[in-house]
Amino acid sequence: MQEVDIYLYISSKAPTCAGAKYKYILTCVGHSLPGEGELQQTTGHRLAMTCAIEALKHMHKAAVITIHTNCRYLMTGHVYLASWERNGWKKAGGEPLKNADLWQQLYELSKGHAIRYQYKSNMDHIS
């Protein structure tokens, strides 16, 4: 399997964002593929998740993927994807899962890949 690094950058860590931007860069064997987007009226968590989803949409072959991010919510949530899917996208106690729509997309896009996360507290935010 090829190894791919995905770097995620978002414009804000604030709980809510009026107009927020994201950028990602996929790198593999000396090649890179950048992408970017913008969301209106969102949260920092949804912004980071959307950034990861858009980057993963470019993965068409099985790969070992390292996602570099400063979003702990995205990193820790990834661990629970299979159990949330089994529980109908609800938490263990039956409580509805926040951002279930995006977690479902991440789960589908993750299939066939070995994904790990690398926390980078010093990743720059875009403006």
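Hey, does the range 61-78 have a residue that's more than 13 Å from the chain's Cα centre (by Cα), open to solvent by 20 Å² or more (accessible area, probe 1.4 Å) and without any contact (Cβ under 8 Å) to a residue 24 or more places away in the chain? Spell out how you get there, then give the answer.
Let us first name the residues in the range 61-78 that are more than 13 Å from the chain's Cα centre (by Cα), namely 61-64.
If we keep only those that are open to solvent by 20 Å² or more (accessible area, probe 1.4 Å) as well, we get 61-62, 64.
Adding the requirement that they be without any contact (Cβ under 8 Å) to a residue 24 or more places away in the chain leaves none.
No, every residue in the range 61-78 fails to be more than 13 Å from the chain's Cα centre (by Cα), open to solvent by 20 Å² or more (accessible area, probe 1.4 Å) and without any contact (Cβ under 8 Å) to a residue 24 or more places away in the chain.
Take LYS91 and decide whether it is among the basic types (Lys, Arg), over 14 Å from the mean Cα position of the chain (by Cα) and surrounded by 13 or more Cβ atoms within 10 Å (Cβ to Cβ). If you could, list the steps in order and put the result at the bottom.
Details: among the basic types (Lys, Arg): yes; over 14 Å from the mean Cα position of the chain (by Cα): yes; surrounded by 13 or more Cβ atoms within 10 Å (Cβ to Cβ): yes.
Yes: the conditions hold for LYS91.
I want to confirm something. Restricting to the range 11-47 and keeping residues that are modelled with pLDDT of 90 or more and aliphatic (A, V, I, L, M), which single residue is nearest to ILE115 (Cα to Cα)?
Across the range 11-47, the extreme among qualifying residues is LEU26.
Go through the range 35-52 and give me each residue that's surrounded by fewer than 18 Cβ atoms within 10 Å (Cβ to Cβ), within 16 Å of TYR24 (Cβ to Cβ) and not small (Gly, Ala, Ser).
GLU36, GLU38
Before we move on, is VAL4 surrounded by 19 or more Cβ atoms within 10 Å (Cβ to Cβ) and either out of contact with any helix residue (DSSP H, G or I) (no Cβ under 8 Å at 6 or more places or on another chain) or under 19 Å from GLY112 (Cβ atoms) (or both)?
Criteria met by VAL4.
Please go through the range 65-90 and pick out each residue that is closer than 23 Å to SER121 by Cβ and either among the aliphatic types (A, V, I, L, M) or in contact with a helix residue (DSSP H, G or I) (Cβ under 8 Å, 6 or more places away or on another chain) (or both).
Restricting attention to the range 65-90, the residues satisfying the condition of being closer than 23 Å to SER121 by Cβ are 65-80.
Answer for the range 65-90, where residues must be closer than 23 Å to SER121 by Cβ and either among the aliphatic types (A, V, I, L, M) or in contact with a helix residue (DSSP H, G or I) (Cβ under 8 Å, 6 or more places away or on another chain) (or both): ILE65, ILE67, THR69, CYS71, TYR73, LEU74, MET75, GLY77, HIS78, VAL79.
I'd like the residue in the range 99-122 that is free of Cβ contacts under 8 Å to residues at least 12 places away in the same chain and open to solvent by 90 Å² or more (accessible area, probe 1.4 Å) and, out of all such residues, is nearest to LYS61 (Cα to Cα).
Of the residues in the range 99-122, the ones free of Cβ contacts under 8 Å to residues at least 12 places away in the same chain are 101, 108, 111.
Okay, now just the ones that are also open to solvent by 90 Å² or more (accessible area, probe 1.4 Å), so 108, 111.
On the way: GLU108: 14, LYS111: 11 Å.
Restricting to residues being free of Cβ contacts under 8 Å to residues at least 12 places away in the same chain and open to solvent by 90 Å² or more (accessible area, probe 1.4 Å), the top hit is LYS111.
Among all residue pairs at least 6 apart or on different chains, which show Cβ distances below 9 Å where the first residue, located in the range 12-41, is more than 14 Å from ALA52 (Cβ to Cβ) and in contact (Cβ under 8 Å) with a residue 40 or more places away in the chain and the second is surrounded by 13 or more Cβ atoms within 10 Å (Cβ to Cβ) and of a type in the set (Ser, Thr, Tyr)?
LYS21/TYR9; LYS21/SER11; LYS21/SER12
The values are calculated or read from the model by the stated rules, or taken from the named source; none is laboratory data. This structure is a prediction, so every number in the text was calculated from the model and none was measured. So basically every Cβ, Gly included, is an ideal-geometry build from the backbone, and we count neighbours across all protein chains shown. Heads up: the accessible areas ignore ligands, DNA and RNA and are worked out on the full protein's heavy atoms, side chains in. Shrake-Rupley method; radii C 1.70, N 1.55, O 1.52, S 1.80 Å.
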